[in-house]
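These notes concern the structure reproduced below.
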Number of protein chains: 2
Amino acid sequence: MEYMPVTESMFLIAETREQPMHVGGLQLFVPREGQTGTELAEEMIDRFTRCTEIDTLFCKRPASPASMLGVFAWSHDDEIDVDYHVRHAVLPRPGRIRELFRYVSLHHSALLDRNRPMWELHIIEGLDDGRVALYSKLHHSLIDGVSALRLLQRTLNADPDDRSGTAPWDPALTRHRRRRDPAHAPSPSSPISGILGFAGTAVGIGTQLVGIGPAAARIAWTAMTNSDFAAPFRPAPRTILDVPIGSARRFAAQQWSTERVRAVASAMGITINDVIVAMCSSALRSYLIDRDALPAAPLLAAVPVSMHDEGDSDGNAITAILTNLATDQPDPERRLHTLVNSMRESKRVIRNLSPLQALAYGAATIVSLALAPVPGFVRYTPPQFNLMISNVPGPSEHMYWNGARLDGVYPVSVVMEGMALNITVTTTAEHVNFGLIGARKELPSLQRLLTHLDTALDELEKVADLPG
Amino acid sequence: MEYMPVTESMFLIAETREQPMHVGGLQLFVPREGQTGTELAEEMIDRFTRCTEIDTLFCKRPASPASMLGVFAWSHDDEIDVDYHVRHAVLPRPGRIRELFRYVSLHHSALLDRNRPMWELHIIEGLDDGRVALYSKLHHSLIDGVSALRLLQRTLNADPDDRSGTAPWDPALTRHRRRRDPAHAPSPSSPISGILGFAGTAVGIGTQLVGIGPAAARIAWTAMTNSDFAAPFRPAPRTILDVPIGSARRFAAQQWSTERVRAVASAMGITINDVIVAMCSSALRSYLIDRDALPAAPLLAAVPVSMHDEGDSDGNAITAILTNLATDQPDPERRLHTLVNSMRESKRVIRNLSPLQALAYGAATIVSLALAPVPGFVRYTPPQFNLMISNVPGPSEHMYWNGARLDGVYPVSVVMEGMALNITVTTTAEHVNFGLIGARKELPSLQRLLTHLDTALDELEKVADLPG
């Protein structure tokens with residue numbers, strides 16, 4: 001048995017049937033020349049189930065499924081029922097993306113079994129275009145969403161002719177990596193700690209920061225009240241996003257060309273991340289207007305940012321900033337202006353803080369997340385922010401699994417009481433991939449947000465004076 | 001809001017993520033002449049989703065998903081998200097029964113959403129023989145397993161040319177029935193109370209009996225200690241069935257010809273139910289030997305029986321008897337003899353009891369079920385019986401849904417801490433359908449029991465001197 005740090009066990013403690021705490025990813029693959037979707041799916045199942053040597057992470061499970069006075073420990077299973085963890089699914093006709101999202105929505109709603117290592121991989125065929133989807137579901141106590149996506153990407157290869165495609169838990173992947181790059185060798189005790197050490201999702205950051213405890217919160221308070229930037233302490237407006245939720249989820253996702261997003265960013269002198277947040281802002285405004293639920297005050301979003309310069313994306317010094325989404329502003333140009341200024345101002349403040357202050361700033365921003373599971377907290381406490389919008393780097397070149405090209409990679413994140421929507425974006429060289437996860441009953445017609453995101457990009461192109 | 005009686009709310013209170021409290025049924029349909037499986041599945045989805053007027057039972061949900069000091073109430077949803085409750089699934093190749101059972105196993109493991117009416121219907125195509133499966137999942141607080149199967153059978157028709165196939169929640173079904181059979185009209189306040197009133201599954205009976213409370217338990221104690229038949233108070237042996245369980249399930253099912261079973265019964269002068277229990281006894285013995293886990297003392301099973309005569313199956317005066325399964329006996333003939341005598345003796349005792357004594361006898365037999373969710377109970381208390389074996393009457397003639405013939409109907413019951421296996425059998429004119437549900441991790445290779453059941457029937461035919 002291995003003692004479980006609170007930064008991991010908090011996801012077991014906070015988990016309820018209404019609030020499952022697993023993260024996921026959806027990867028889409030184009031079969032190689034001459035291969036059908038069914039053949040690719042069966043090849044994947046075959047390679048995965050044949051890989052019976054299993055990396056430590058995939059063998060860990062809570063030693064006791066229920067907490068004893070809040071203390072959990074990890075134990076390791078010697079035998080893994082791979083046939084349970086790896087699922088083969090076929091979409092019903094007509095096999096549109098809509099049927100795929102429906103599948104992911106329904107399965108992302110179900111709790112993982114705590115009596116075995118808490119992960120599942122679903123290999124899904126039946127898309128009318130022949131692509132095959134890989135939906136992964138891992139408990140947040142094991143891994144955060146970005147690390148999960150990276151973990152899955154270890155199985156990919158930039159060489160389309162490579163045929164060594166294997167399972168994400170194959171220990172050979174780590175050994176291989178270590179051989180190629182001895183400087184970044186992870187410690188032998190936990191072969192994938194190098195990957196796990198990078199905690200990049202919004203909630204992942206929350207974990208890290210909340211973990212630093214009340215002392216840091218006091219420092220945060222001092223830092224913030226001494227500065228003239230007190231944004232984390234201004235409550236966000238009440239919206240339909242800040243409600244208790246049921247267990248059912250709805251997932252929706254779509255990709256846009258990175259070139260289009262980059263063109264807007266260049267023309268306006270802003271970052272790609274600014275454009276992404278502006279798209280979300282406009283889409284949320286339209287969605288809330290549809291539902292007759294737009295608050296008078298602007299929505300606030302927590303946006304994870306790196307504390308390094310734009311180019312330097314390798315570090316893990318990450319914090320979250322509060323962004324005024326300016327959803328009260330009908331004019332797209334003025335909305336963009338307010339939003340970009342708010343993000344710049346927050347980043348400027350962060351950059352002027354000492355690293356500890358900056359970390360504490362993030363903790364103060366995000367602390368309400370840790371309190372969300374406290375009964376009644378959501379109903380009686382004004383939210384500090386309305387949702388999280390994360391942008392996560394994906395692979396920057398074409399990648400292949402056993403010759404099948406990775407064609408899209410979407411995060412499937414966590415929503416919780418008081419935070420019924422999460423938007424996580426993966427950026428690759430070709431595509432900006434939006435993954436939306438929401439509480440199904442509380443946020444009807446979530447897929448409308450995709451249409452609104454599309455309109456938002458058109459709108460921003462007009463603002464930037466670009467051809468539509 | 002409507003106050004929820006404890007006989008319903010106990011299933012919400014006892015439910016944990018390791019112990020979901022929903023019952024299910026699996027029905028198999030042969031498409032009508034010239035119709036493919038996909039066409040039948042799509043026709044079913046279409047008829048179901050088009051039926052938007054919804055019977056009360058399918059609109060009920062717990063008013064608050066968590067209990068307030070143990071008290072629950074029902075509320076009724078006006079709007080039902082049919083698209084959520086009705087699922088369309090396709091089995092992966094090769095589409096054997098094995099893939100179907102895998103689907104049912106995985107979905108029977110997942111909790112229902114408490115924030116909406118707690119039921120799901122899965123229409124499953126992709127079986128290689130073209131049949132279509134309908135897997136239903138309803139919360140036990142709403143309905144017991146047998147009633148659920150009956151409810152689903154309301155949509156069936158003995159006329160193969162009938163094309164009025166509709167959804168199980170269509171209020172027209174109740175109106176129609178009432179017109180045809182005014183003597184059995186259910187009360188207007190609860191249109192399907194006529195069906196619900198028949199609580200036939202093992203756990204359903206448990207509910208009824210446990211509901212009568214401690215006074216009855218005292219009476220039971222008196223009745224039993226005054227009689228010379230004290231079986232309910234002899235503890236059953238500890239077995240691998242009496243353990244705490246994880247949430248994952250394994251479902252397996254198979255049918256045998258009713259004619260074969262009836263021939264054994266006639267030749268031996270015993271009942272069909274005796275043959276079914278004897279098959280289970282032999283199969284369990286072999287399974288436990290396989291796993292090197294056969295206890296020295298014989299297993300005890302709780303077997304629900306009608307207190308009426310064999311022919312009179314309409315009443316709801318049902319109790320449960322304890323049966324010595326004689327699993328310690330290697331000789332099939334002697335095993336059968338011991339088992340049949342034990343059942344006869346129990347029935348004789350029951351028939352000599354007053355109705356209240358008999359009911360209380362059942363309560364005493366079954367009371368440990370209600371205590372199973374108490375932490376530590378299973379680990380420290382010897383079991384009163386090792387499993388439940390129920391035999392439930394199915395339709396006695398060929399039935400059709402919109403011209404598609406019902407070809408098999410299997411109950412998918414509940415297992416719980418301390419009772420890791422449940423066997424429920426549905427008998428129709430043509431087939432005896434065994435439905436097995438077990439805890440996946442605790443009972444590996446559950447499907448081996450099917451092979452053993454097959455061997456057991458052969459064995460009984462030899463004992464009865466019938467041609468194999």
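Quick note: the coordinates plus some simple rules give every number you see, no bench work behind them. What you see is a predicted model; the values in this text were computed from it and never measured. When we count neighbours, we look across all protein chains shown, and the Cβ atoms used for this are built from the backbone with ideal geometry, even at glycine.
Comment: the Cα-to-Cβ extended label point of residue B:297, at 7 Å, lies 6.7 nm from its counterparts in the other copies, nearest first.
The simple Förster model, with R0 at 22 Å and r as the Cβ-Cβ distance, assigns residue A:35 and residue A:397 a FRET efficiency of 0.55.
Other residues lying with their Cβ under 11 Å from the Cβ of residue B:50 contribute a combined charge of -3, Lys and Arg counting +1, Asp and Glu -1. At full extension, residue A:345 and residue A:328 could sit 4.2 nm farther apart than now, given 0.36 nm per residue minus the alpha carbon distance. Going from the residue with the fewest nearby Cβ atoms within 10 Å to the one with the most, B:415, B:82 rank B:82, B:415. Sorted from shortest to longest, the distances between the residue B:458 label points of this copy and the other copies are 7.0 nm, with each point 7 Å from Cα along the line through the beta carbon. Give the cross-link partners of residue A:441 among the lysines, using a straight C-alpha distance below 28 Å as the criterion and excluding same-chain residues fewer than 8 apart. Within the straight-line cut-off, residue A:441 pairs with A:137, B:60, B:137.
Peptide B:266-274 is shielded by partner chain Cβ atoms: per residue, an average of 0 of them sit within 10 Å of its Cβ. Shape class of segment B:408-462 from the Cα gyration tensor (axes a ≥ b ≥ c, square roots of the eigenvalues): oblate, since a/c reaches 1.5 or more and a/b does not exceed b/c.
Below 14 angstrom from the Cβ of residue B:23, what's the summed charge of the other residues (Lys, Arg +1; Asp, Glu -1)?
-1
With neighbour counts taken as other beta-carbon atoms within 10 Å, the residues B:137, A:462 rank, fewest first, as A:462, B:137.
Just check segment B:1-159 against the gyration tensor rule for me: Cα atoms, a ≥ b ≥ c as the square roots of the eigenvalues, rounded for a/c under 1.5, and otherwise prolate or oblate depending on whether a/b exceeds b/c. It is prolate, given that a/c is not under 1.5 and a/b is the larger ratio. Taking all Cα pairs closer than 8 Å and separated by 6 or more residues, the relative contact order of segment A:2-176 comes to 34 percent.
Counting only other chain Cβ atoms within 10 Å of each residue's Cβ, the peptide A:94-103 averages 1. Listed by Cβ neighbour count within 10 Å, with the fewest neighbours leading, B:33, B:333 appear as B:33, B:333. Figure legend: label point modelled 7 angstrom from the Cα of residue A:405 along Cα→Cβ; residues of segment A:107-130 with amide N under 19 Å from it are A:127-130.
Hey, with R₀ at 45 Å, roughly what FRET efficiency would residue A:172 and residue B:266 work out to, going by the Cβ-Cβ distance, to 0.05?
0.10
Between copies, the label points of residue B:38, set 7 Å from Cα on the Cα→Cβ line, lie 1.1 nm apart, reported in increasing order to one decimal in nanometres. For residue A:99, neighbours were defined as the other residues whose beta-carbon sits under 10 Å from its Cβ, and their charges (Lys and Arg +1, Asp and Glu -1) total +3. Note on residue B:448 and residue A:445: the model spin-label points, each 7 Å out from Cα along the C-beta direction, lie 5.6 nm apart.
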